[in-house]
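Asks: Take a look at the following structure, please.
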Amino acid sequence: MKIQGKIISAQKKINKAANSAFKRAFLGSISIDDLAKSSKREHHVYDSFTEKVTTPEAITMNFIREAQSLQSSTFTTPNIFTSSLHNVCFSPRYNILYTQSRQIIRESISTQRELTQFDIRTFYQKPVDQIAGVCATFRSHKNCYYHTLIDNLPRLYLLHHPRFQKMETVQLLCAGSPTVVEKFYLEQLLPENVKVLQIDQTRPYLLDNLIFPSFLSRRFSGYLPSEYRNWFVQLVGPKRPRNKHHRIFISRVPTSKGALRCIVNEEELYDTLRPYGFKRYVLEQLSIREQIELFYDAEAVVATHGAGLTNTLFSAGIKVLELFPIPFVVPHYYFLAKAMGHQYRYLCSDRTYLSSNFSVNISEISRILESYMD
């Protein structure tokens, strides 16, 4: 049985490698900078967004392998730009752009550069639908809570530039209906001349005139430029002074997707946190507005690595303790903490997979709390 299992595993690896090679052979990519003049009309870089921050802690942190390119004593925001593109194709299934010769435009992929993640058939469908007039995109191929707030919605800020405000109407492409989270924020963040255009997720489109707003973030990094952060929190945050008194423990409970990154000894952990004033919250049970209010008044947050930590975007100068199932740091929230001026600590466990349920070392938690919490 063991030999048969090894044979099946080896065959899966061979099939995966063959599939990857096939896709590489028939799917190419191209940068916006390399698009022909007939496709790229205007390109504007926003130098005022550029920020550099010192990250001395990162050098000694054990970043996950895919994020090690960010492991440096300094962090710099990406180049932020808008491009006006003509006659490019759009895949609502993945929310990415490609040329009529089936080259994926790299800048439209937010979080992962490996083309083999995409179904090649998507790009061999001939676009039969054409969208006239000016349009724009804001989603990526990753649209969970973190990616919506950190990767996708920040792109809307660029559409507030005076050059786009002069346009009568800009159509914001949205495959199907906006999610609950998107609807909440779009109502507050969209310029008056930008209107949501719902399109069919299964059909590719040819776009006459596209405004492409770049992503303001990097892969594995929740760091966003201060100009955007201040604008965002001013628009959607509470219109009152902060009352920093909440010490938040984010509890992960099994969902329809299963039990992912749940803490096996959560009760023991909570018994350790409670004397320090922490209260336990299941964020899925709170509305978006309730989550914003809670984190706006936060003083400290303890949580397993997960989308709930994205809410520290609404906090100011808090203490964050992030728990990982694996012996590596996935640094999204480390960099978000750097952007927000939070004090950041972490504790790793010994599981193999990031999605694993795990136990935390209570002795280590107690040691951190004694030195970290007043």
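Asks: Could you provide, to the nearest whole Å², the per residue accessible area of the range 46-138 with probe 1.4 Å?
Replies: Computed with neighbouring chains in place, this is 46 Å² per residue.
Asks: A follow-up question, please. Please give the FRET efficiency for R280 paired with T202, using the beta carbon to beta carbon distance and R0 = 56 Å, rounded to the nearest 0.05.
Replies: The pair R280/T202 has a calculated efficiency of 0.85.
Asks: Just need the Rg to Rh number for the chain, please, alpha carbons only, Kirkwood Rh.
Replies: 0.99
Asks: Can you work out the base-10 log of I(q)/I(0) for the range 247-374 at q = 0.15 1/Å, using the Debye formula on its C-alpha atoms alone?
Replies: Those come out to -0.66, one per q.
Asks: Ignoring everything but the protein chains, give the 1.4 Å probe accessible area of R219 in square angstrom, nearest 10.
Replies: Surface accessible to solvent at R219 totals approximately 90 Å².
Asks: Then there's this: I want to check the label-to-label distance for N361 and Q343. Put each point 7 Å from Cα in the C-beta direction and report it in nm to one decimal.
Replies: Reported label-point gap for N361 and Q343 is 2.1 nm.
Asks: Return the carbon/sulfur percentage of the accessible area of the range 288-373, one whole number, probe 1.4 Å, all protein chains in place.
Replies: 45 percent
Asks: Further question: Over the range 268-323, what number does the Rg to Rh ratio reach, with both radii from the alpha-carbon atoms and Rh per Kirkwood?
Replies: Numbers: Rg = 11.0 Å, Rh = 11.8 Å.
Ratio of gyration radius to Kirkwood radius: 0.93.
Asks: Here are some pairs, K244/K319; K183/K319; K52/K195; K40/K166; which of them have Cα atoms lying more than 23 Å apart in this structure?
Replies: K183/K319; K52/K195
Asks: Which value, to two decimals, describes the C-alpha radius of gyration of the range 73-209 once divided by 2.2 N^0.38 Å?
Replies: 1.04
Asks: What is the sum of charges, Lys and Arg at +1 and Asp and Glu at -1, for the other residues whose Cβ falls under 14 Å from the Cβ of E364?
Replies: Net charge in that neighbourhood comes out at -2.
Asks: Treating only the Cβ of Lys, Arg, Asp and Glu as charged (+1, +1, -1, -1), what charge dipole size does the chain show about its Cα centre? Round to the nearest 20 debye. Kindly include the intermediate steps, with their values, before the conclusion.
Replies: Numbers: 46 positive and 33 negative charges, 214 e Å.
For this selection, approximately 1020 debye.
Asks: Right, something else. From the phi of every residue in the range 361-371, what ³J(HN,Hα) in whole Hz does the Karplus formula 6.51 cos²θ - 1.76 cosθ + 1.60 yield, where θ is phi - 60° and glycine or proline is x?
Replies: Taking θ as phi minus 60°, the curve returns 7, 5, 4, 5, 4, 4, 5, 5, 4, 4, 8 Hz for the range 361-371.
Asks: Could you work out Rg/(2.2 N^0.38 Å) for the range 45-101, with Rg from alpha carbons only?
Replies: Relative to the rule-of-thumb radius for its length, the range 45-101 sits at 1.68.
Asks: Whose amide H sits under 5 Å from the amide H of S29, counting only residues 5 or more places off or on another chain, with H placed in the peptide plane?
Replies: Residues meeting the criterion, in which the H sits 1.01 Å from N, are I104.
Asks: How far apart, in nm, are the 7 Å Cα→Cβ label points at N79 and K142?
Replies: Rounded to a tenth, the inter-label distance reads 2.3 nm.
Asks: What is the Rg over Rh value, at two decimals, for the range 171-225, using alpha-carbon atoms and the Kirkwood definition of Rh?
Replies: 0.99
Asks: Three principal axis extents, largest first, for the C-alpha atoms of the range 206-310, in Å?
Replies: 58, 38, 23
Asks: Report the full-extension gain for the segment S101 to T352: residue separation times 0.36 nm, less the Cα-Cα distance, to one decimal in nm.
Replies: 86.3 nm
Asks: Which is the longest part of the chain that has none of the GluC sites (Glu not before Pro) sitting in a DSSP loop with at most 11 other Cβ atoms within 10 Å?
Replies: Values: sites that count: E114, E168, E192.
In the chain, the maximal stretch lacking such sites is 193-374.
Asks: Among V360, T74, Q103, whose Cα sits farthest toward the positive end of the charge dipole of the chain (+1 at Cβ of Lys/Arg, -1 at Cβ of Asp/Glu, about the Cα centre)?
Replies: Q103
The values are calculated or read from the model by the stated rules, or taken from the named source; none is laboratory data. Computed from a prediction, not measured in an experiment: that's the story for all the values here. Please note: Cβ atoms are built from the backbone with ideal geometry, for glycine as well, and neighbour counts cover all protein chains shown. Just so you know, the surface numbers come from the protein's heavy atoms only, side chains and all, with ligands and any DNA or RNA stripped out. Shrake-Rupley method; radii C 1.70, N 1.55, O 1.52, S 1.80 Å.
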